[in-house]
Amino acid sequence: MATVKTKSKKFHFKAEVKQLLDILVHSLYTSRDIFLRELISNSSDALDKLRFESNKGTKIIDNKLPLEIKITFDEKKKILIIEDSGIGMTKDEIISDIGTIAKSGSAEFLKQLTETKQDASNIIGKFGVGFYSIFMVAKEVIIKTKSYKKDEPAIMWKSDGLGDYEISELDEKIKRGTTIEIHLKDDAEEFAEKYRLESVIKKYSNFIQFPILLEKEKVNTVSAIWREPKSSVTKEQYAEFYKYLSLDSEEPFETIHTSVDAPIQFSALLFIPKKSNEWFKYNREDYGLDLYVKRVLIQHKNKDLLPEYLSFIVGVVDSEDLPLNISRETLQEDIIFNKISSSVTSQVLSYLQKIAKDDKGQYVKFWKEHGQIFKLGYMDFTNAEKYTGLLRFNSSSSKDADELVSLDEYVERMKKDQKEIYYALGPSRDALAFDPHLEIFKSKGIEVLYLYDPIDEFVISALGKYKDFDLKSVENADPNKLEQMESVEEKKEETKKLNSDDQLHFDSLLAKMKEILGDRVEDVKESNRLTGSPSCLVAKEEGMSASMLKMMKMVNQQVSEQKKIFEVNKDHKLLRNLLTVFKKSSADDYIKNVTEQLYESALLLEGSLDDPHKLVNRLNKMLEESSGWYVEVKKY
Ligand code: ADP
């Protein structure tokens with residue numbers, strides 16, 4: 001029995017810990033067996049840290065102790081003991097690490113638990129609060145721990161998880177590491193049975209890289225399956241390893257297992273999950289690959305092996321060519337590490353290229369799940385070619401909103417004299433169907449990429465070009481270039497051309513409209529891009545698109561207002577009628593009202609009408625008037 005050297009001192013759990021414990025102690029959980037996974041994983045981390053210090057040459061007490069995790073139990077007394085020879089904890093460490101929740105994810109965790117009524121056992125491991133899951137099964141916990149640092153006393157920590165914990169220094173000589181003694185609740189006695197324990201360890205902790213001894217018998221595999229030849233690993237083993245790494249209950253979507261020997265040796269076992277990581281929104285740190293050097297874990301969730309846009313990938317990378325004592329802080333500057341990371345990135349991209357080529361359906365599934373993150377790669381100039389080849393969009397040639405096209409497919413279908421790739425931004429496919437800017441593209445049968453996601457525009461602007469073709473927004477397209485291309489639509493019944501006299505009047509009408517709109521527009525011009533709509537606003541060729549402008553304003557960027565050109569469709573019936581009015585009475589208010597209405601409608605369509613009140617008011621008046629005429633004409 002431990003003899004206590006100092007008087008024990010009582011501490012209170014921090015408020016958020018108490019709140020968490022309250023939930024864990026008083027609720028019933030379907031999979032509370034995960035508490036064992038969390039404790040074994042903590043032990044494994046403690047052993048990894050010890051090995052890391054030892055490789056660095058740090059002085060360590062009990063240097064000869066084997067690195068392992070021992071699990072013992074007493075079925076009669078309902079006690080379970082988990083012991084490791086890891087790094088241990090000093091008194092200060094145990095107070096700061098167990099008793100407070102340091103990680104930023106904890107508040108989110110509590111929110112998730114209470115708001116979404118999640119089962120805590122499903123999500124606890126993801127928020128760095130795993131230790132507390134012990135109180136799903138324990139009525140009392142006693143931790144004895146001794147730090148690897150010389151001259152640190154052994155510490156005992158004791159708690160029933162209800163609000164307080166006690167800490168005292170121990171007199172007895174205990175060895176380096178941590179022992180956790182769990183007094184099981186009555187309804188959790190199954191965790192003092194060999195068969196149950198063995199199955200839980202195999203289920204969650206089979207790939208822990210240190211031996212787990214259950215009553216002296218080793219129960220886990222302890223093999224680095226990423227180091228084994230592909231041919232000797234089964235699909236089931238891959239799936240099991242993936243589940244262990246990701247805490248996902250589903251099989252992986254794709255498995256990428258590679259080994260490179262020259263110029264630098266490394267093995268990588270990577271997985272694409274079926275579903276994108278929804279926790280990522282709550283815990284932005286929750287991604288990265290595990291980095292091993294010569295089978296020794298150097299860093300869990302390293303964020304530099306893959307660029308952020310591939311952060312949906314889960315897996316491990318192991319190299320023979322990095323030194324074991326490499327410091328995590330200097331990894332980023334290490335030449336070999338950087339070579340490994342660029343090779344891993346390029347392999348992932350090649351793999352995606354292969355899926356895109358061999359199995360389109362599979363690639364579409366990938367895109368729907370992970371495309372959103374993938375698009376962030378527009379800053380990766382080194383891999384620009386592969387990246388752009390992997391982008392997908394919906395387009396005017398797609399059957400429906402689900403069908404996707406690549407830039408290569410677009411280029412293949414381009415018209416003979418087409419020199420630009422066109423795209424349009426809009427909230428949905430249905431909305432784009434009514435976009436006046438697209439009318440000329442429809443009549444010429446020119447494909448237009450549909451961009452629904454705000455980030456798409458950043459992607460497109462960053463690319464600027466694909467192969468030899470400029471990427472151009474339909475808003476900025478030069479209609480003269482388009483006009484020269486052959487039409488596919490039968491020309492609608494040709495509207496009678498204006499005689500030269502009327503043309504002069506029409507020019508004056510345009511001048512009148514410009515006078516009405518004043519400084520709000522750059523100019524008012526006759527359009528040759530419209531077939532069905534009366535008018536639209538267009539940017540000057542190099543101008544910023546409406547949605548980009550809006551986005552810049554949203555992020556408080558100083559942007560100078562860019563005046564647009566108001567284009568009107570001379571052949572549209574409304575304009576022809578307006579011309580008739582104008583010829584009779586150029587100062588008629590009707591001209592002003594229609595001009596204002598058309599202009600504000602165009603603003604409304606591109607999403608930049610700030611206040612709709614005037615528009616609605618004017619519209620209602622016009623409707624009222626026209627209803628009178630309607631009744632008259634119909635003789636109702
Ligand atoms: P996490 O493991 O995600 O950090 P936990 O709540 O599980 O969160 O553990 C909190 C901290 O307590 C750990 O980060 C570690 O510093 C310390 N700890 C827990 N178990 C052990 C152990 N067996 N040996 C050494 N330190 C431990």
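Which numbered condition in (1) within 24 Å of the chain's Cα centre (by Cα); (2) surrounded by fewer than 21 Cβ atoms within 10 Å (Cβ to Cβ) is the only one that residue 295 fails?
It fails just one condition, (1).
Can you name every residue in segment 149-163 that is of a type outside the set (Gly, Ala, Ser) and more than 39 Å from the chain's Cα centre (by Cα)?
Taking segment 149-163 first, the residues of a type outside the set (Gly, Ala, Ser) are 149-153, 155-158, 160, 162.
Those that are of a type outside the set (Gly, Ala, Ser) and more than 39 Å from the chain's Cα centre (by Cα): 149, 150, 151, 152, 153, 155, 156, 157, 158, 160.
Residue-wise test of (1) outside the structural domain of residue 303 (by TED's automatic domain parsing); (2) open to solvent by 50 Å² or more (accessible area, probe 1.4 Å); (3) in a helix (DSSP H, G or I).
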| residue | (1), (2), (3) |
| --- | --- |
| 338 | no, yes, yes |
| 342 | no, yes, yes |
| 369 | yes, yes, yes |
| 374 | yes, no, yes |
| 386 | yes, yes, yes |
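Filter segment 302-320 for residues that are open to solvent by 10 Å² or more (accessible area, probe 1.4 Å) and in contact with a strand residue (DSSP E or B) (Cβ under 7 Å, 6 or more places away or on another chain); which is nearest to residue 264 (Cα to Cα)?
If we take residues in segment 302-320 being open to solvent by 10 Å² or more (accessible area, probe 1.4 Å) and in contact with a strand residue (DSSP E or B) (Cβ under 7 Å, 6 or more places away or on another chain), then 306 is nearest to residue 264 (Cα to Cα).
Could you tell me which of the residues 78, 150 is out of contact with any Pro (no Cβ under 9 Å at 6 or more places or on another chain), of a type in the set (D, E, K, R) and modelled with pLDDT of 95 or more? Can you show your working first?
Numbers: 150 fails: modelled with pLDDT of 95 or more.
Just one listed residue meets the conditions, 78.
Going through segment 87-98 one residue at a time, which ones are within 7 Å of the ligand (Cβ to nearest atom), under 35 Å from the mean Cα position of the chain (by Cα) and within 18 Å of residue 141 (Cβ to Cβ)? If you could, list the steps in order and put the result at the bottom.
Looking only at segment 87-98, we keep the residues that are within 7 Å of the ligand (Cβ to nearest atom), and these are 87-89, 93, 97-98.
Next, only the ones that are under 35 Å from the mean Cα position of the chain (by Cα) stay: 87, 93, 97-98.
Correct list: 93, 97, 98.
Only one of these is of a type in the set (Ser, Thr, Tyr), within 16 Å of the ligand (Cβ to nearest atom), open to solvent by less than 10 Å² (accessible area, probe 1.4 Å) and at pLDDT 95 or above: 145, 179. Name it.
Numbers: 179 fails: open to solvent by less than 10 Å² (accessible area, probe 1.4 Å).
When all the criteria are applied, what remains is 145.
So, in segment 45-76, exactly how many residues are closer than 22 Å to residue 198 by Cβ, more than 13 Å from the ligand (Cβ to nearest atom) and of a type in the set (Lys, Arg)?
Total satisfying the criteria: 1.
In this structure, is residue 201 crowded, with 18+ Cβ neighbours inside 10 Å and more than 23 Å from residue 82 (Cβ to Cβ)? Break it down stepwise before answering.
Numbers: crowded, with 18+ Cβ neighbours inside 10 Å: yes; more than 23 Å from residue 82 (Cβ to Cβ): no.
Taking the combined requirement at face value, the residue does not satisfy it.
Out of (1) in the same structural domain as residue 273 (by TED's automatic domain parsing); (2) free of Cβ contacts under 8 Å to residues at least 60 places away in the same chain; (3) assigned to a loop (DSSP other than H, G, I, E, B); (4) in contact with a Lys or Arg (Cβ under 8 Å, 6 or more places away or on another chain), what's the single condition that is false for residue 324?
(2)
Take the residues in segment 248-265 that are more than 27 Å from the chain's Cα centre (by Cα) and open to solvent by less than 70 Å² (accessible area, probe 1.4 Å); name whichever of them is farthest from residue 238 (Cα to Cα). Let's see the steps before the verdict.
Going through segment 248-265, the residues more than 27 Å from the chain's Cα centre (by Cα) turn out to be 259-265.
Narrowing the set further to residues that are open to solvent by less than 70 Å² (accessible area, probe 1.4 Å) leaves 260, 264-265.
On the way: 260: 19, 264: 25, 265: 22 Å.
If we take residues in segment 248-265 being more than 27 Å from the chain's Cα centre (by Cα) and open to solvent by less than 70 Å² (accessible area, probe 1.4 Å), then 264 is farthest from residue 238 (Cα to Cα).
Please give the number of the condition residue 482 fails out of (1) touching a helix residue (DSSP H, G or I) at 6+ places or on another chain (Cβ under 9 Å); (2) assigned to a loop (DSSP other than H, G, I, E, B); (3) under 21 Å from residue 537 (Cβ atoms).
So the condition that residue 482 fails would be (2).
The values are calculated or read from the model by the stated rules, or taken from the named source; none is laboratory data. Here the structure is a predicted model, which is why all the values come from computation and not from measurement. A quick note on method: Cβ atoms are made from the backbone with ideal geometry, for glycine too, and the neighbour counts reach across all protein chains shown. We work out accessible area using only protein heavy atoms, side chains counted, and drop any ligands, DNA or RNA first. Shrake-Rupley method; radii C 1.70, N 1.55, O 1.52, S 1.80 Å.
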